[in-house]
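**Student:** My structure is below; once you've seen it, I'll send some questions.
The values are calculated or read from the model by the stated rules, or taken from the named source; none is laboratory data. Just so it is clear, the model here is predicted, and its values are computed rather than measured. Positions of Cβ are backbone-derived with ideal geometry, glycine not excepted, and every protein chain shown enters the neighbour counts. Ligands, DNA and RNA are stripped out before the accessible areas are found, and what is left, the full protein with its side chains, is counted by its heavy atoms. Shrake-Rupley method; radii C 1.70, N 1.55, O 1.52, S 1.80 Å.
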Amino acid sequence: MSITVRHATVQDAAAYARIMGDPAVYPGLMQMPYTNEELWRTRLTESTAPGKTDLLLVAELNGAVVGTTGLHPVSAHMRRRHVWMLGISVLPEVQGRGVGSALMAALCDYADNWVGALRLELDVYTDNERAMALYRKFGFVLEGTHRGYALRDGRYADCYSMARIHPKPPGIAAP
């Protein structure tokens, strides 16, 4: 089993639609059912355009895209530029096989060593134990609960806010 993490491209639109449209995936995300390739082609075109700071990655397992992740600036506001948010999705049939860990390791490396992000944030449904275990593995801690955060399958679901502070914030090398 060989997991490869790489930048997402517009050509990954069909894979995004397949993953985000999976009935076992989208209820755990802020995605809507009935997605399609054209929607993802547009999103990927916009998000990967020159000058965009978003990082979109995919994980391939034996040549097939089986997971996606994104790292996005929270705000252009000067006082919040050190904060980035992330999202991640992995096909159910490969969950527990290291795909999420490979994506999270790549995101954390990028955030820590190339962007200078001090804080990474995410929201996760309170019943998504598998995702929370992955996030805790990478240093995320629970910061709060949002009651009735999002409508999911006809009910308002609660969500946790989790965050990770850079474990070794960058400094200036000694002369």
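**Student:** Would you confirm whether or not the stretch 106-116 contains a residue that is open to solvent by less than 50 Å² (accessible area, probe 1.4 Å), over 28 Å from Ser2 (Cβ atoms) and either basic (Lys, Arg) or in contact (Cβ under 8 Å) with a residue 40 or more places away in the chain (or both)?
**Tutor:** Checked against the condition, which is being open to solvent by less than 50 Å² (accessible area, probe 1.4 Å), over 28 Å from Ser2 (Cβ atoms) and either basic (Lys, Arg) or in contact (Cβ under 8 Å) with a residue 40 or more places away in the chain (or both), the stretch 106-116 yields at least one hit.
**Student:** Now, a different point. Identify all residues within the stretch 1-51 that are of a type in the set (D, E, K, R) and assigned to a helix (DSSP H, G or I); write none if there are none.
**Tutor:** Those that are of a type in the set (D, E, K, R) and assigned to a helix (DSSP H, G or I): Asp12, Arg18, Glu37, Glu38, Arg41, Arg43, Glu46.
**Student:** Looking only at the stretch 155-175, count every residue that is modelled with pLDDT of 95 or more and open to solvent by 50 Å² or more (accessible area, probe 1.4 Å) and tell me the total.
**Tutor:** Going through the stretch 155-175 one residue at a time, the tally reaches 4.
**Student:** Working only within the stretch 90-100, note down all residues that are in a helix (DSSP H, G or I) and surrounded by fewer than 16 Cβ atoms within 10 Å (Cβ to Cβ).
**Tutor:** Pro92, Glu93
**Student:** While we're here: Given the conditions (1) touching a strand residue (DSSP E or B) at 6+ places or on another chain (Cβ under 6 Å); (2) in contact (Cβ under 8 Å) with a residue 24 or more places away in the chain, report the number of the one that Arg43 does not fulfil.
**Tutor:** (1)
**Student:** Across the stretch 52-89, what is the total count of residues that are assigned to a loop (DSSP other than H, G, I, E, B) and over 28 Å from Pro167 (Cα atoms)?
**Tutor:** Within the stretch 52-89, residues that are assigned to a loop (DSSP other than H, G, I, E, B) and over 28 Å from Pro167 (Cα atoms) number 2.
**Student:** Is it true that some residue in the stretch 120-141 is assigned to a helix (DSSP H, G or I), acidic (Asp, Glu), under 18 Å from the mean Cα position of the chain (by Cα) and exposed (fewer than 12 other Cβ atoms within 10 Å of the Cβ)?
**Tutor:** So far as the stretch 120-141 goes, yes, one or more of its residues are assigned to a helix (DSSP H, G or I), acidic (Asp, Glu), under 18 Å from the mean Cα position of the chain (by Cα) and exposed (fewer than 12 other Cβ atoms within 10 Å of the Cβ).
**Student:** Out of curiosity, is Leu57 open to solvent by less than 30 Å² (accessible area, probe 1.4 Å) and either in contact with a Gly (Cβ under 9 Å, 6 or more places away or on another chain) or not aliphatic (A, V, I, L, M) (or both)?
**Tutor:** When the stated conditions are applied, Leu57 passes them.
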